[in-house]
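A quick write-up on the structure given underneath.
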Amino acid sequence: MAGPQLEDGYTRIANAILEEVARRKLNGTQYSILLTVWRYTYGFNRKDCALSVSFIREAIEGDLKGVKRELANLIDRRILVITQEAYGIQPRKIAFNKRFDEWLVVVKSPPLPKKPSGGQSSPRVGDNSPPVVGDNSPPKKERKKTIKKEDIYMDKLKFHDTVYLTLEQYEKLCAEFGKHRVDNTIEALDEWQTNKKPSQHKKDHYKTIRVWIKKDLERSKTSFKPKAQRNKEEMDILNQFYEEGAAREADGDVKLPGNDQDRLSLL
């Protein structure tokens with residue numbers, strides 16, 4: 001069996017790009033991501049391409065969490081750039097940045113000197129202070145990790161300006177409640193969040209949209225009670241309305257509405 005041939009398709013990459021990338025300190029996942037970006041940009045004679053995290057993960061058969069982390073690293077270092085943000089079900093567009101002088105270099109801090117582990121420290125000459133055994137100071141309070149907005153919404157698509165969902169979540173909502181109702185609720189959530197501070201925005205947009213739709217459906221079910229559920233007070237009012245109105249209708253003074261709901265609205 002013959003091997004791959006140029007006639008079957010090829011990707012044109014400048015030698016300077018290959019040489020520069022070879023000199024940079026990149027890990028295996030980062031190299032695989034770059035190859036995938038080149039394949040779907042330079043391989044199709046275009047500068048950028050809409051590439052989702054899940055698509056890249058499948059292309060390199062990697063771990064989703066690892067691909068997400070290393071893709072963000074390449075973007076932070078300006079090796080890859082976002083040319084168009086995600087919108088709706090359309091993923092963001094990514095391009096390779098061939099301006100090498102814009103790339104950020106990762107500088108590793110020098111290792112800290114090793115401290116003697118455990119044991120009793122020996123007293124210094126000329127120092128009459130007692131040897132220090134262990135550390136009796138209270139443990140430092142662990143700093144709370146700050147979760148960035150980019151970490152929360154990295155694998156999600158942008159619906160309007162402030163609402164983020166995965167494609168799977170959007171399709172599931174549409175299948176359960178209908179696309180028209182879901183789109184209207186997304187728009188309502190976006191409008192609500194636009195008028196709030198970023199710190200007040202909902203963290204789980206999928207859950208929020210489900211809750212809002214279900215509450216709206218419950219309100220629509222209870223907006224008007226059927227005749228069998230009317231309470232005694234309503235029936236008493238209707239009966240009185242019938243007696244007084246029927247007499248006036250017989251005299252030709254008034255014409256009563258045709259159903260109970262319209263009659264109650266007149267009271």
Give the residues of region 162-179 that are of a type in the set (Ser, Thr, Tyr) and over 12 Å from ILE209 (Cα atoms), sorted by residue number. THR162, THR166
Can you find, within region 71-108, the residue that is nearest to ALA59 (Cα to Cα) among those that are in contact (Cβ under 8 Å) with a residue 60 or more places away in the chain and touching a helix residue (DSSP H, G or I) at 6+ places or on another chain (Cβ under 7 Å)? PHE96
Given GLU171, GLU187, GLU150, which one is at pLDDT below 90, surrounded by fewer than 16 Cβ atoms within 10 Å (Cβ to Cβ) and farther than 30 Å from ARG69 by Cα? GLU187
Which members of region 166-202 meet the condition of being within 24 Å of PRO91 (Cβ to Cβ), of a type in the set (Lys, Arg) and in a helix (DSSP H, G or I)? LYS172, LYS179
Would a scan of region 49-57 turn up a residue that is touching a residue at least 12 places away in the same chain (Cβ under 8 Å) and of a type in the set (Phe, Trp, Tyr)? yes
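The values are calculated or read from the model by the stated rules, or taken from the named source; none is laboratory data. Please read all numbers here as calculations on a predicted model, not as lab measurements. Heads up, the Cβs are rebuilt from the backbone with ideal geometry, glycines too, and the neighbour counts pull from every protein chain shown.
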